[in-house]
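Worksheet: the structure to be examined is printed underneath.
The values are calculated or read from the model by the stated rules, or taken from the named source; none is laboratory data. Quick caveat, the model's predicted, so the values are computed rather than measured. Glycine also receives a Cβ, built like all others from the backbone with ideal geometry; neighbour counts cover every protein chain displayed.
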Amino acid sequence: MYEILNHIQSPEDLRKLPQTQLQQLCEEVRKYMVECCAVNPGHLGSSLGAVELIVALHYIYDTPKDKLIFDVGHQAYAHKILTGRRELFKKNRTLEGISGFPKRSESPYDAFGAGHSSTSISAALGFAEAARLTGSGEKSVAIIGDGALTGGLAWEGLNNAGSSKADILVVLNDNNISIDQNIGGVHDYLLNVTTNPIYNKVKNKIWNSLGEGKTRDWVQKRVIDTKSNLVRRSGGSVFESLGFRYFGPIDGNDVEQLTDTLRRLKNLRGPRILHIHTRKGCGYAPAEADPTTWHAPGRFDPATGQRIKTVYAADRYQDVFGEVLVELAAKDPKVVGITPAMASGCGMVKLERAFPDRFFDVGIEEGHAVTFSAGLAAAGLKPYCNIYSSFSQRAYDNIIHDVALQNLPVVLCFDRAGLVGEDGATHHGCYDLAAYRSIPGAIIAAPRDETELKRLMYTGLEITGGPFIIRYPRGCGEGTPWREAPAEPLPIGKGEKLLDGKGVAIVGLGPSVNRALEAARRHKADYWVGPAVYDARFLKPLDPALMEELSQYRAIITVEDGALKGGLFSAVSEYFAARTDAPLIKGVGIPDRFIRQDTQKGQWAACGLDSESLLDLLIGMMKNV
């Protein structure tokens, strides 16, 4: 079935193949990838398009000695399959299997971890300079997509690498937006000439014969100006202006052309960029036809491409957000929406369709998204900026200096807060509560269900200063009739008592309150007595009346889907720290370690945040009070 792939245990085996067999290997890798992802979902489209690139890179470069540094990691599945993890790939993104992203602790072939965008060039430059300083002779290649190139960090890396003269190759995998037009014969001629070893040998001899000084500078400037004019139409001038030699664009799904080009580029020196065009979903017709859907399609029939529809038990938080945002925009013409390239994932596509002139997708630029929102707010608009919680960490400085310090009314909606499931540690939104609680003037709220998300979004219309942070998890809500709920704001800093009890009080934040409530009711049903349950709703400001009411209990359990250090547990502990009669306080949340990939429910159980674990904790505590 897999005539060649079954014999590839490592890139060393790959490099023994004749070049004529590489295309068949690519087809086998692609088929295997589709079969595995059909039953065990992952990020498929980008990886399908990058198969030839990864095969060619491992064929030409001496990995793992030479370093391949991936950006984001969505395009790295073929890399995992070819580097000794073929069988483990069947359990990709599961607790028993491997991470869906490059991970240093997983394989020596994963030179640098990746889960977020635009890091590859900076990391590859670090490897290149280390190789120069140690004399190891190792090569460094950064593989970055056109989407990730929108990130500011990528351009910082390009700027530094170009000025450093480091021995680094950047492969720009352009699989979506066409940056340029192929210029036919001139393009082919330039590619062949500029990568030709004889040409480069003669060129270097000419430069050396001119020596140093004005004559060499004048000649080089004329040559560079002439070449830049020729390559400008293919997008190369911007990279050459940063100090890179630009090559391409070439067909990134032509493995023979790729290997020939990479072989030539490998022996050149200095910063080089190879621009390739690939087709997202290449080789699998359904994915080629709809690359957006097939970026992460879920389960499907590999033979027909028919996707197995997921039936949700309740509306997803992202869909609630999108629908309510449209309501707000219809109500107030000053409402605008901002997202850093996550319009589909966060639900803001609904605003794009309804009010396209008030929708802004700024690309993978979280810091810019926040400061842009601050500018909109300063000009009198009401921005709702939606960023995945994990990605918001990149905008920390912007939130402090551009929003909080100027007390601007920016509503920051942090989707995917808490534990996110199969994407694992790189994507968990564990740290927002602890990170932003220390910011003066910040308001931090976490709805326990869809209805509260709706009302908190309406609360955002009323704020006069900021930031106002609303954080909510990935996945489904609790099934509340949120559409029928009143479109009214909630009082800022006001919590709610949900269940009477004795001896022990549970105070939770966000949807974890619901699991605590379930555990408390089960305890009362089994033992005739149970704890009280409170929803803090706001981490900042804390409800002073609620906190005073908690002081009557002998023990308090805090429950939060965030880092235990610095979040609700810390806030409640700080409140009672100066009291001599303070109750015993026990915190349940995400511990001080990175949580690996698993289902959300599995991760909750690992952190003691599921209802069963909370019930076990209650049984022990209620006995002792």
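Just a few scattered comments:
- Matching residues in the range 99-147 - criterion: being of a type in the set (Val, Ile, Thr) and either touching a helix residue (DSSP H, G or I) at 6+ places or on another chain (Cβ under 6 Å) or in a loop (DSSP other than H, G, I, E, B) (or both): Thr119, Ile121, Ile144
- For the range 7-27, the candidate set comprises residues that are part of a helix (DSSP H, G or I) and over 19 Å from Leu48 (Cα atoms); within that set, the residue that is farthest from the chain's Cα centre (by Cα) is Thr20.
Listed here are the residues, each with its yes/no results for (1) of a type outside the set (Gly, Ala, Ser); (2) modelled with pLDDT of 95 or more; (3) not in a loop (DSSP other than H, G, I, E, B).
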| position | (1), (2), (3) |
| --- | --- |
| Ile54 | yes, yes, yes |
| Lys65 | yes, yes, no |
| Val72 | yes, no, no |
| Ile81 | yes, yes, yes |
| Arg85 | yes, yes, no |
| Thr94 | yes, no, no |
| Gly97 | no, no, no |
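- Residue match in the range 449-457 (condition: assigned by TED's automatic domain parsing to the domain that holds Asp402, basic (Lys, Arg), out of contact with any Lys or Arg (no Cβ under 7 Å at 6 or more places or on another chain) and crowded, with 24+ Cβ neighbours inside 10 Å): yes
- Helices (runs of 4 or more DSSP H) completely within the range 321-394 that count 3 or more residues being at pLDDT 95 or above and more than 20 Å from the chain's Cα centre (by Cα): 349-354, 366-378
- Residue match in the range 255-278 (condition: farther than 24 Å from Lys91 by Cα, assigned to a strand (DSSP E or B) and over 25 Å from the mean Cα position of the chain (by Cα)): yes
Condition check ((1) touching a Leu at 6+ places or on another chain (Cβ under 7 Å); (2) more than 30 Å from Pro486 (Cα to Cα)) across all residues:
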residue	(1), (2)
Ile250	yes, yes
Val255	yes, yes
Gly270	no, yes
Ile273	yes, yes
Ile308	no, yes
Val311	no, no
Glu327	no, no
Ala330	no, no
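- Subset of the range 493-535 (residues that are in contact (Cβ under 8 Å) with a residue 60 or more places away in the chain, assigned to a helix (DSSP H, G or I) and more than 36 Å from the chain's Cα centre (by Cα)): Arg522, His523, Tyr527
- Boolean, Leu564 is of a type in the set (A, V, I, L, M, F, W, C), under 27 Å from Leu419 (Cα atoms) and either out of contact with any Ser or Thr (no Cβ under 9 Å at 6 or more places or on another chain) or surrounded by fewer than 17 Cβ atoms within 10 Å (Cβ to Cβ) (or both): no
- Residue pairs whose Cβ atoms lie under 8 Å apart, sitting 6 or more positions apart in sequence or on different chains, and linking a residue in the range 359-386 that is in the same structural domain as Tyr458 (by TED's automatic domain parsing) and buried (at least 20 other Cβ atoms within 10 Å of the Cβ) to a partner that is assigned to a loop (DSSP other than H, G, I, E, B) and polar (S, T, N, Q), are Ile364/Ser117; Ile364/Ser118; Ala374/Gln406.
- Qualifying residue in the range 45-64 (condition: surrounded by fewer than 20 Cβ atoms within 10 Å (Cβ to Cβ) and under 25 Å from Leu274 (Cβ atoms)): yes
- Flag for Leu490 being crowded, with 16+ Cβ neighbours inside 10 Å, over 29 Å from the mean Cα position of the chain (by Cα), of a type in the set (A, V, I, L, M, F, W, C) and not assigned by TED's automatic domain parsing to the domain that holds Asp543: yes
- All positions within the range 279-292 that are in a helix (DSSP H, G or I) and touching a residue at least 12 places away in the same chain (Cβ under 8 Å): Ala285, Pro286, Ala287
- Residues of the range 426-446 that are of a type outside the set (A, V, I, L, M), touching a Leu at 6+ places or on another chain (Cβ under 9 Å) and either closer than 12 Å to Lys540 by Cα or surrounded by fewer than 20 Cβ atoms within 10 Å (Cβ to Cβ) (or both): Tyr436, Arg437, Pro440, Gly441.
- Only residues that are among the β-branched types (Val, Ile, Thr), in contact with a Pro (Cβ under 8 Å, 6 or more places away or on another chain) and within 23 Å of Glu462 (Cβ to Cβ) were counted in the range 340-392, giving 1.
Rundown of residues vs (1) of a type in the set (A, V, I, L, M, F, W, C); (2) under 26 Å from Thr292 (Cα atoms), yes/no style:
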residue	(1), (2)
Ser10	no, no
Leu17	yes, no
Asp66	no, no
Lys80	no, yes
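- Between Lys139, Lys80, Lys103, the distinction of being buried (at least 20 other Cβ atoms within 10 Å of the Cβ), under 20 Å from Arg272 (Cβ atoms) and either among the charged types (D, E, K, R) or without any contact (Cβ under 8 Å) to a residue 24 or more places away in the chain (or both) belongs to Lys139 only.
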